[in-house]
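What follows is calculated from the coordinates using simple rules that are stated; it is not laboratory data. A quick note: this is a predicted structure, and the numbers were derived from the prediction, not measured. Don't worry about glycine lacking a Cβ; one is built from the backbone with ideal geometry, like all the others, and counts go over all protein chains shown.
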Amino acid sequence: IVGELRKRHPKAHFATIAYQGYCEPPTQVVPDATFVEYATHGRCQLHPFHSSPKACPLSSADLARMGRWEKLGVTLGQYTYEYDAMDGVSLPFYSLVNETVDLAATHRHCLLMPEVMLSPPFGPDAVVGSIRNRLSEQFFAQKMWDASLTVDGFLDDLTRNAYGPAAPLLKEYFKLLDAAWGRMKGRVVMFADGMNVAEELLSDERVRRRTAD
């Protein structure tokens, strides 16, 4: 299809997405596209991409699959899912955001697009993702602008301007939240836990409650 369209519109650019059932790279035909947008919903949002297969099979497998796309010689971008939250918790995972942008910069990806929930299906406005997760989203945006920004640099600037003399204490607080991400009670994220999400969604208590309703 793209080949035929190029004959009619030789100056047009075409892109495609490696998504869900199409995340595996093709074995025969390389996509005729300006770039391929790789969707990283296969990763775990508790562990870094560069985890060993034993420490985190999900993240390491997603990174390996991304590498197979790069070996095809296509220009790659990323469509990321850090903010697909199923409950109301904030997401203070600065280290994971830091690694995502570092990976994109190191691998010279042409695009980095996080899926951010801007509007809630129903109120109040306080549950809008961009409000609830304003600090991690601010870090994401600033680091995409300047990939050399570090978590420490971001938190230094934030706490110095927002908290004055309390800056060192609050910086430590934000770093503890980052380190404890994944151990917070009630944390359920759509793509974070892999198959562990099913256990939470189908707990005996939840089944009994739905049956009673």
Checklist entry - Between Arg8 and Thr27, 0.36 nm times their residue separation minus their Cα-Cα distance comes to what? => result 4.0 nm
Checklist outcome for this item: Counting only residues 5 or more apart in sequence or on a different chain, those whose built amide H sits under 5 Å from that of Phe35 are Thr16
Checklist entry - When the Kirkwood radius is taken over all Cα pairs of segment 6-96, what Stokes-Einstein diffusion coefficient follows at 25 °C and 0.890 mPa s, in µm²/s? => result 165
Next on the checklist: Which chymotrypsin sites (Phe, Trp or Tyr not before Pro) in segment 1-107 sit in a loop by DSSP (not H, G, I, E or B) and have at most 13 other Cβ atoms within 10 Å of their own Cβ?
Outcome noted: Tyr19
Checklist outcome for this item: As straight-line cross-link partners of Lys171, the qualifying lysines (C-alpha separation under 27 Å, not fewer than 8 residues apart within one chain) are Lys143, Lys185
Next on the checklist: If you build the convex hull over the alpha carbons only and average its shadow over all orientations, what do you get for segment 37-81? Give it in nm² to one decimal.
Outcome noted: 2.9
Item to check | Placed amide H near Leu112: partners under 5 Å, 5+ positions off or other chain | outcome: Gln78
